[in-house]
Amino acid sequence: MSLDPRDALRLALAPNSIAVIGASDNPNKIGGRPLAYLSRFGFKGVVYPINPTRTEVQGMHCFPDLASLPEVPDVVVVAVAGEQAIAAVDECGLAGVAVCIVMSSGFGESDPQGKARELAMAARARSRGMRIVGPNSQGLANFGNGAVPSFSTMFTEVMPADGPVGIISQSGAMSVIPYGLLRARGVGVRHSHATGNDCDVTVCELAIVVAEDPGLKLLLLYLEGIPDPWHLAEAARVARARKLPIVALKSGRSAAGQEAAQSHTGALANEDRTVDAFFAEHGIWRAQSMVDLVDTAQLYLQGWKPRGRRLVAISNSGAVCVLTADAASAADMPLEPLSDSTQGELRAILPGFATTNNPVDITAALLSNSGLFGAILPPIAQDPAADAFLIGIAVAGAGYDVEAFASDAAAFAAATGKPVVVAAPQLSVSDRFKSHGMAVYPTEGEAVRALGQYLSHHELQLQTS
């Protein structure tokens, strides 16, 4: 099959047929896991197991070789080792396969000889019009259509749910760690792709095609090197055109990290200041850690259109108010005083010992009167000093109407249309707010830090749009 190189990648994410060379009857083996996933996650295309020693694999008819298939498959997974893998890739190229996913290791990540074998294999594939994902790839996973030719164990431990987030990574582990953390937060993930050594298809080029998916609201990248910045620039352009934010975690800041990257995926390090400048120029936010990569995800999915950085904080704890002020200062989010008229309305509602400036401290009076929380939200919603809000419920539970807090907060957020984050350390409390679709964090520091990052990225996107 001769396709435009980009069209081949689109086909890789939505194939009509997938073959697995090295198919195993054991669903916990590298050659067995993709077959199990394609069946389990609802892939509608045709699956061809290939193994010369078996006639049946996982209940499916098994073929002895690629030549014996009734058609040329769109995608072939190579799950055999060493020279067998190279021979299989060459066979796929000669047969006209569009995309080959090479799970085999022992190539550019291992030694110079392995790198030479990898380059030669990629050159032969390219001359025949075939794209290679890998080698040393964990595979691709599109939960929007069930095309999951991957051997990641994570998908057996954490059940997928289609959603608005895409993840692309050179590292197999880093394609699924964010997936697991997001799923634990109740966020659905559509794409989870690991490109491995990037001998042909890179994270950056695959990002172009993934960014075209109209169902995505956030794209996360993990990079150990950026060998093709022109592709990443094009991915950023595609993303900007449809207002899709990209957050990237680029490792290898230190000399030790760069050396580790070279032995992991064979990635060559990029000068760090150059990476920062490149990301900023193209509207990509550079996460500093895995926490930065996943903690803001729920904020990008809310559909907000922020207009500034001024924060108003509301809590039933004076300590939370103080800590929020500290965190807001660190995040460059000023807490401006509420207007005299707003404070007058709040004084008419709250007890005299409450604080009505900003932060607003409801105090422990909330235990005696759960209605105070809902009563103060309408006047605060109208105050001109607020661009965003933090609601900190330090302690609640028995004696508090937590469901009313959550529903009132959700109505407040909908009425203002402005960013609202919640800090609630108690699981029983946070679950109620989450059930109303609110962005919830265990502490005020985490909530403010995530909100600050989200707002900074929004500002960067406006500058580069």
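The values are calculated or read from the model by the stated rules, or taken from the named source; none is laboratory data. Remember, it's a predicted structure, so these values are computed and weren't measured experimentally. Don't worry about glycine lacking a Cβ; one is built from the backbone with ideal geometry, like all the others, and counts go over all protein chains shown. Protein only, heavy atoms only, side chains kept; ligands, DNA and RNA dropped before computing areas. Shrake-Rupley method; radii C 1.70, N 1.55, O 1.52, S 1.80 Å.
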Rounded to a whole number, what % of the accessible area of segment 24-127 do carbon and sulfur atoms account for, probe 1.4 Å?
54 percent
Run the reach check for residue 44 against aspartates and glutamates, Cα to Cα strictly under 16 Å, same-chain hits fewer than 8 apart removed. What comes back?
74, 162
Could you name the lysines in cross-link range of residue 115, using Cα to Cα under 27 Å and dropping any fewer than eight places away on the same chain?
29, 250
Answer in debye to the nearest 20: the dipole magnitude of the chain about its Cα centre, from +1 Lys/Arg and -1 Asp/Glu charges placed on Cβ, is 540 debye
Over all alpha-carbon pairs of segment 57-128, lay out the pair-distance distribution in 5 Å bins, whole %, shortest bin first.
3, 16, 25, 25, 16, 8, 6, 2, 0
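What do the square roots of 5 times the Cα gyration tensor eigenvalues come to for segment 327-452, in whole Å, largest first, as semi-axes of the equivalent ellipsoid?
For segment 327-452, the semi-axes come out at 20, 19, 13 Å.
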With both partners inside the chain, how many of the DSSP beta bridges are antiparallel, as a percent to the nearest 5?
10 percent
Could you derive backbone 3J(HN,Hα) for segment 83-90 from the dihedral phi with the Karplus parameters 6.51, -1.76 and 1.60 (θ = phi - 60°), listing whole Hz in sequence and x where the residue is Gly or Pro?
5, 4, 5, 4, 4, 5, 5, 4
Convert each backbone phi in segment 448-457 into a coupling constant with the Karplus relation 6.51 cos²θ - 1.76 cosθ + 1.60 (shift: θ = phi - 60°), then list the ³J(HN,Hα) values in order as whole Hz, x for Gly and Pro.
5, 4, 5, 5, x, 5, 4, 5, 5, 5
Farthest towards the positive end of the dipole of segment 1-70, among 55, 18, 39 and with Cβ unit charges of +1 on Lys and Arg and -1 on Asp and Glu, lies the Cα of 39
Given the candidates 156, 457, 72, the one whose Cα lies deepest towards the positive end of the charge dipole of the chain, counting +1 at each Lys or Arg C-beta and -1 at each Asp or Glu C-beta, is 72
I'd like the orientation of helix 371-381 relative to the chain: the angle between its Cα long axis and the longest Cα principal axis, in ° from 0 to 90, rounded to 10.
80 degrees
In whole Å, what is the distance between the alpha-carbon centres of segment 386-425 and segment 189-222?
35 Å
Taking the dipole of the chain about the Cα centre (Lys, Arg +1; Asp, Glu -1; charges at Cβ), the one of 230, 216, 386 that reaches farthest to the positive side is 216
So what is the relative contact order of segment 346-412, in percent, for Cα pairs below 8 Å that sit 6 or more residues apart?
33 percent
Residue-wise, which Karplus ³J(HN,Hα) couplings in Hz belong to segment 421-427, taking 6.51 cos²θ - 1.76 cosθ + 1.60, θ = phi - 60°, and x for glycine or proline?
10, 10, 10, 8, x, 7, 4
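Among 92-98, 146-152, what's the highest-first ranking by average C-beta atoms within 10 angstrom per residue? Spell out each step's value before the answer.
Values: 92-98: 20.0, 146-152: 25.0.
Per-residue Cβ counts within 10 Å, averaged per peptide and sorted highest first, yield 146-152, 92-98.
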Express in whole angstrom the spacing between the alpha-carbon centres of segment 16-90 and segment 285-324.
45 Å
When the convex hull of the C-alpha atoms of the chain is computed, what volume per residue in Å³ does it have?
138 Å³
Show log10 I(q)/I(0) for segment 297-380 at q = 0.17, 0.22, 0.25 Å⁻¹, two decimals, from a solvent-free Debye sum over equal Cα scatterers.
-0.75, -1.09, -1.22
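Sort 390-403, 166-179, 272-285 by the packing proxy (mean of other Cβ within 10 Å over each peptide's residues), most packed first. List each step's numbers first, then the result.
Details: 390-403: 18.9, 166-179: 24.4, 272-285: 16.6.
With the highest mean Cβ count within 10 Å placed first, the list reads 166-179, 390-403, 272-285.
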Cross-link partners among lysines for residue 305, C-alpha distance below 21 Å, same-chain residues fewer than 8 apart left out?
217, 243, 418, 434
For 115-124, 293-302, ranked highest to lowest by mean beta-carbon neighbours within 10 Å, the order is 293-302, 115-124
Scan around residue 360 for amide H atoms under 5 Å from its own, H built in the peptide plane at 1.01 Å from N, and keep only partners 5 or more places away or cross-chain.
313, 314, 315
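For segment 130-246, give the percent of accessible area contributed by carbon and sulfur heavy atoms, probe 1.4 Å, rounded to a whole number. Walk me through the intermediate numbers first.
Numbers: 1750 of 3130 Å².
C and S atoms contribute 56 percent here.
Hey, what's the chain come to in accessible area per residue, 1.4 Å probe, Å²?
Working: 18020 Å² over 465 residues.
I get 39 Å² per residue for the chain.
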Could you estimate the translational diffusion coefficient of segment 7-129 from the Stokes-Einstein equation, with Rh from the Kirkwood formula over C-alpha pairs, at 20 °C and 1.002 mPa s, in whole µm²/s?
146 µm²/s
